[in-house]
1. Please state the relative contact order of the chain as a whole percent: Cα pairs under 8 Å, 6+ residues apart?
2. Could you tell me which residue out of 300, 205, 234 lies farthest along the dipole of the range 205-305 toward its positive end? Charges go on the beta carbon: Lys and Arg +1, Asp and Glu -1, centred on the Cα centre.
3. Using just the alpha carbons, could you tell me how many Å³ per residue the convex hull of the range 267-307 encloses?
4. Calculate the dipole size of the range 21-192 relative to its Cα centre from +1 charges on Lys and Arg beta carbons and -1 charges on Asp and Glu beta carbons; express the result in debye to the nearest 20.
5. Mind listing the long-range amide H neighbours of residue 183? Cut-off is under 5 Å, sequence gap 5 or more, other chains count too, H placed in the peptide plane at 1.01 Å from N.
6. How tilted is helix 89-105 with respect to the longest principal axis of the chain? Cα atoms for both, answer in degrees (0 to 90, nearest 10).
7. Just want the ordering: 47, 212, from fewest to most Cβ atoms lying within 10 Å of their own Cβ.
8. Return one number: the angle in degrees, 0 to 90 and rounded to the nearest 10, between the long axis of the Cα atoms of helix 225-246 and the longest principal axis of the Cα atoms of the chain.
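Values in this text are rule-based calculations from the coordinates and carry no lab data. Small disclaimer: the values here were computed from a predicted structure and weren't measured. Reconstructed Cβ throughout: ideal geometry from the backbone, glycine too, with neighbour counts over all protein chains shown.
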Amino acid sequence: MSRKSKTGEKPRKAAEGNPTIAIVGAGRLATFLTAALHDAGFTITEIVSRDLPRSRRRALALANKVGARAVTAKSAALDATLLWFCVPDREIHRAASAMADRLVALNLARQKAGVHIALHSSGALSSRELAPLRTAGVAAASVHPMMTFVAGAHPSLEAVPFAIEGDAAATSVARQIVRVLGGNSFSLLASRKAAYHAWSTLTSPLLLAFLITVEDAARAAGFTPHDARRKSLPILRQTLANYERLGSARSFSGPLVRGDAETIAQHLVALKQYPQARELYVVLARAALRGLPVKNRNGLTRALRAR
Ligand SMILES: NC(=O)c1ccc[n+]([C@@H]2O[C@H](COP(=O)([O-])OP(=O)(O)OC[C@H]3O[C@@H](n4cnc5c(N)ncnc54)[C@H](OP(=O)(O)O)[C@@H]3O)[C@@H](O)[C@H]2O)c1
């Protein structure tokens, strides 16, 4: 039977020695990862979902794309060598417990056959979340890609950094998988994960929170969010391109770098009806005063204070 990829590309042939993989969850990361692993030549055996009609439907749709079985914690065969948890952070420990119970029920705990590696992909939580599986003799690691996965987008994993932490047996397999997927793995101490994930959250989810606040400011100027998005994109793209090529200081333009304190004061008046945009403006302007080259620092500081 020829395996069909989501992208229509022929999946690479399964390499000998590659782990076989069961995915827990069928949400954003699971949907992307299942297809990426399948296309890269890994065999996906099972998609494990909660025992709820909607969860099972999603798991079945995902399993069908890669020729896997859709199962629940009670029916999983757990015949893959690796279990990859793609569930919300708050569910990882519970799901790991359910899988550990299943391994014990199937008499597979501490056996040579079946699952011997477990991974999860939380950026903030460490491999300790997988403790119930460790107790059952499974090596555990956390593997977090610094990338955003949403329905309808298929990002490349080329050079995407993956933060890895956990047991040696699990981290070495995780590194091998990341290499095959095109990513770059690096080690991260468990104690640094929360800070690492705060950084990571600022890069995409909170960048979007920034962008919706930008739309608010555009509304003050009489533009719809749709208009704001269209009109902002050229300058946003160029700013990112400059940041990549020149770094932050040399990419910095506008009234703060010129020291135009009166202009800043006018902005704050114009944003009076949009307090959230105004508040963010002030926080970011202060960050600019701390970390970027500005002229007329005292005048700017006074303008930001007099609000
Ligand atoms: N999305 C990203 O951009 C991204 C990037 C890097 C890392 N991650 C990490 O990936 C993990 C999943 O994130 P996500 O964005 O993919 O979340 P998501 O879209 O909300 O998907 C979560 C999935 O987990 C399932 N689930 C919840 N509890 C479960 C349980 N006890 N047993 C089995 N399945 C369960 C949900 O199914 P039902 O609710 O239908 O049952 C859903 O399919 C998180 O640890 C996150 O930090 C995500």
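1. Numbers: 488 pairs, mean separation 32.1, N = 307.
Relative CO of the chain lands at 10 percent.
2. Sorting the options by dipole projection puts first 300.
3. Details: hull volume 2.5 nm³, N = 41.
Looking at the range 267-307, the number lands at 60 Å³ per residue.
4. Values: 19 positive and 11 negative charges, 78 e Å.
Once rounded to the nearest 20, the dipole reads 380 debye.
5. Close amide H contacts, sequence-distant or interchain: 159.
6. Roughly 0 degrees, rounded to the nearest 10.
7. Numbers: 47 29, 212 13.
Fewest to most other Cβ atoms nearby, the residues stand as 212, 47.
8. 80 degrees
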